[in-house]
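Q: What follows is a single structure, and I will ask about it in a moment.
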Amino acid sequence: MNNYKKLPPIILLFIILLSIPVASYATPSPLISTTDINCKQIIDEIGQGILFNVQLEAYLNRTLAKQIREAESKEETESKPKPTTAEDWYTHYSVIAHAMGSVDGIDYTNSKEAFNESYKKGYRVFEVDLSFTSDNQVVLWHDWEEDTGKYVKQSGKKVPSYQFFMNHKICKEYTPLALTDLIDIMEQYPDIYVVTDSKETDYLSILRKIVEEADEDTNILNRFIIQFYEYNQYAKIQKIYPFKNSLFTIYNLQDRNLDHIGSFCKENNVPVVGVPPKYGGRKSDVAKLKEYGVYVYTYTINKPRN
C-alpha cells in the first residue's frame, strides 16, 4: 500500500458489483483474502487497492488477481495472445478500461499507448469513444466539444477532418486511432472485447461503419459489446447486425424503474446493465436487478479512493 501514492490514477469504466445474479450462471470464485499480500499488491497496481475500504472483499475476487498474474506471465512466455473462449465476457472480467484506460496519468485519450499500457496491466475489456470526423470517417474520440477537444483542434472548425485528426498527436504525445486501427488491434489481440460508446446523434451510423469495416467478420463483431441507452435503440441495433454482446446503460434513461429495466433485459437477453454510482451504491437496487438475472456494472470510477 505504500506504493499506492506513487501510482498514476487509473480510470475504470465499470467495476462489477454483483457477479452471480441467478443460479443459471456460473458458481462464484472464492474471494481474495485481505491477508494475501501478493494479491493486494497486484490489485493496488490496477487502481483498486483501497476501493470501498470496508467492503474490499465484496468487490474484488480471486479471478481478477489471477488474470493479472497470468497476463504478466504471458507477456514473457507467449508472442501472441490466445483467442477468447465461448465464455461470456461479463462472467470473466470485472473491470473495463474507460477510453482505452489511462496513460501517464492522463485519461480520455483513446490512444494506442493507452491500450498498450492497459493491456500490459491485464485489462481485456476496453471501452472506446467513437466520433465522426468532418469528412464522415470514424475515429476514437469522445466528442468535439471544447473540454475534450482541447487536445486536438482544427482552427476555425469544431470538427476536424480525418487527415488532420490522424496527423496530430493527442496531448502532443499519443497516437490517435481510427476505427480501422481498432479493427486491426482486435485482429492482433483476439483475447480482447470492445465496448462501444458514442455521443453522436446518429449512433446507428457508427454501428453500420463498424460492421462495414469489420467486413462482417464474426470473429471481430462477436467481441464488440454494443452499448445502448434507450429501450427503443436495441431493436434498431439488432436490425443492423445481430450483435452477440450488448450493455444497457441507463444514465440517459427517463424511465429508471428497475422492474421495467430488469424485465426488458430478461425479455431481450441483455445480460448487463451499466448504472450510475448512486444505483451501484444501493444494495437493494442491485438485488432488484439480480432477480432478473442481470449483471450490474457501475461507471465511471476515475480514482481508486472513490
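The values are calculated or read from the model by the stated rules, or taken from the named source; none is laboratory data. Just so you know, these numbers come straight off a predicted model, no measurement behind them. Backbone-built Cβ (ideal geometry, glycine too); neighbour counts: all protein chains shown. Just so you know, the surface numbers come from the protein's heavy atoms only, side chains and all, with ligands and any DNA or RNA stripped out. Shrake-Rupley method; radii C 1.70, N 1.55, O 1.52, S 1.80 Å.
Q: Tally the DSSP beta bridges in segment 148-254 and give the antiparallel ones as a percent, rounded to 5.
A: On the way: 2 of 8 bridges.
Close to 25 percent.
Q: Based on the mean of other beta carbon atoms within 10 Å per residue, what is the order of 168-180, 221-233, 107-119, most packed first? Before the final figure, lay out each step's value.
A: Numbers: 168-180: 16.8, 221-233: 18.6, 107-119: 22.8.
In descending order of packing, they fall as 107-119, 221-233, 168-180.
Q: Using the reciprocal of the averaged 1/r over all distinct C-alpha pairs, how large is the Kirkwood radius of segment 172-277 in Å? Can you show the working numbers first?
A: On the way: mean 1/r = 0.0672 Å⁻¹.
It works out to 14.9 Å.
Q: Something else about it: Points 7 angstrom from Cα along the Cβ direction at N219 and N306: gap in nanometres?
A: Inter-label distance under the simple model: 3.8 nm.
Q: Can you give me the distance in nm between label points at N269 and T91, each placed 7 Å from the Cα along the Cα-to-Cβ direction?
A: 1.4
Q: What is the calculated FRET efficiency for K158 to S205, with r their C-beta to C-beta distance and R₀ = 25 Å, to the nearest 0.05?
A: Details: r = 18 Å, r/R0 = 0.73.
Result of the calculation: an efficiency of 0.85.
Q: Once amide H atoms are placed 1.01 Å from N in the peptide plane, what residues at a sequence separation of 5 or more from I96, or on another chain, have their amide H within under 5 Å of its amide H?
A: Amide H neighbours of I96: L13, F14.
Q: Right, here's the next one. Hey, could you grab the Kirkwood Rh for segment 106-232? Inverse mean 1/r over distinct alpha carbon pairs, Å, one decimal. Let's see the in-between values first.
A: Working: mean 1/r = 0.0666 Å⁻¹.
With all distinct Cα pairs of segment 106-232 included, I get 15.0 Å.
Q: Quick one: give the max-minus-min coordinate of the C-alpha atoms of segment 239-301 along each principal axis, largest first, in Å.
A: Answer, in whole Å and largest first: 35, 25, 20 Å.
Q: While we're on this one: Given a 1.4 Å probe and every protein chain left where it sits, what share in percent of the accessible area of segment 177-233 is carbon and sulfur?
A: Working: 860 of 2230 Å².
The nonpolar share, carbon plus sulfur, comes to 38 percent.
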